[in-house]
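Peer 1: Below is a structure I'd like to ask you about.
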């Protein structure tokens, strides 16, 4: 995907983390997720179906797969730790730009795992790891409230 115009930036104290720099990080897969509604309904014993009394958009999840690279296995681990730390913040923004279209997500701490479930020797020898992340975000905010 690095030949496409993709940028993913995680805000953090100090310098923001660029997750598609082609040196330490490369985006493998990205999806802003769908929209799910949290519904409040009522049902009656003699009523067909249910009656909606209100709904709100539920928390959404950004799915992201990132290949973390380094000059050695240890260096790739340092880069992976930096990425995990950035995505473990209580509240932060992830800004994506795909082919000139910008989206900003106000996020919660991400769930992160090895994309294949375990490290394989080919990725270790190449000093890289691939991580899959699910990043919950507020579907209505575009900046962290002050």
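The values are calculated or read from the model by the stated rules, or taken from the named source; none is laboratory data. Everything numeric in this text was worked out from a predicted model, so none of it was measured. Cβ placement follows ideal geometry from the backbone for every residue including glycine, while neighbour counts extend to all protein chains displayed.
Peer 1: Taking the condition of being in contact (Cβ under 8 Å) with a residue 12 or more places away in the chain and surrounded by fewer than 17 Cβ atoms within 10 Å (Cβ to Cβ), how many residues in the range 60-76 meet it?
Peer 2: Counting residues in the range 60-76 that are in contact (Cβ under 8 Å) with a residue 12 or more places away in the chain and surrounded by fewer than 17 Cβ atoms within 10 Å (Cβ to Cβ) gives 6.
Peer 1: Of all residues in the range 103-140 being assigned to a loop (DSSP other than H, G, I, E, B) and within 25 Å of residue 5 (Cβ to Cβ), which is modelled with the highest pLDDT?
Peer 2: Filtering the range 103-140 for residues that are assigned to a loop (DSSP other than H, G, I, E, B) and within 25 Å of residue 5 (Cβ to Cβ), the one modelled with the highest pLDDT comes out as 110.
Peer 1: For the range 83-94, give me each residue that is surrounded by fewer than 16 Cβ atoms within 10 Å (Cβ to Cβ) and either under 11 Å from the mean Cα position of the chain (by Cα) or over 22 Å from residue 36 (Cα atoms) (or both).
Peer 2: Listed by number, the residues that qualify are 84, 85, 88, 90.
Peer 1: Can you go through 8, 28 and tell me which one is out of contact with any helix residue (DSSP H, G or I) (no Cβ under 9 Å at 6 or more places or on another chain), closer than 14 Å to residue 133 by Cα and buried (at least 17 other Cβ atoms within 10 Å of the Cβ)?
Peer 2: 8
Peer 1: Can you find even one residue in the range 68-83 that is in contact with a strand residue (DSSP E or B) (Cβ under 9 Å, 6 or more places away or on another chain) and in a strand (DSSP E or B)?
Peer 2: yes
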